[in-house]
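Worksheet: one structure, shown below.
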Amino acid sequence: MYVTPLLTTTGGDPLVGLLVFLGQTLAFLLACWIVLRAYRGYQDSSAAALLWLAIGIALLSAAPTMTRFLLPTLTDLPSVTVQVVATTGELAGLLAILYAIFGNP
């Protein structure tokens, strides 16, 4: 029996893998939509806080999602390194959001 490469997984059911992939894709798309809305708000109002909010949301959600997907796919980096890179992006995003809220951008 021939199994297509898209239906082979390691350590789990292919349906679960597909559902996780679809969930991550949906999370990424929603994050990109929110970032776009915040950036357009910045363009309309020239409020720097909205720009920092857009940067923070991008770093908090969209960048780590892509990092956790692309780095293991395209490189042979250990999972610990992937987690450190993704978590660093999340922390930077939280700091940018805090700056947008409490700072004076």
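Annotations
- Scanning segment 60-85 for residues that are farther than 26 Å from Ala96 by Cα and in contact with a Leu (Cβ under 7 Å, 6 or more places away or on another chain) yields one hit, Leu77.
- Selection from segment 31-57 of residues that are among the small types (Gly, Ala, Ser) and either under 14 Å from the mean Cα position of the chain (by Cα) or not in a helix (DSSP H, G or I) (or both): Ala31, Ser46, Ala47, Ala54, Gly56
- In segment 77-93, the residues that are farther than 14 Å from Met66 by Cβ form Cβ pairs under 6 Å with partners that are open to solvent by 50 Å² or more (accessible area, probe 1.4 Å), at six or more places apart or across chains, as follows: Ala92/Leu59.
- Taken over segment 35-75, residues that are among the charged types (D, E, K, R) and closer than 30 Å to Val20 by Cβ amount to 2.
The values are calculated or read from the model by the stated rules, or taken from the named source; none is laboratory data. Quick caveat: nothing in here was measured; it's all calculated off a predicted structure. Quick reminder, even Gly has a Cβ in these numbers, built from the backbone with ideal geometry, and neighbours come from all protein chains shown. Remember, those area values only see protein heavy atoms, side chains included, never the ligands or the DNA or RNA. Shrake-Rupley method; radii C 1.70, N 1.55, O 1.52, S 1.80 Å.
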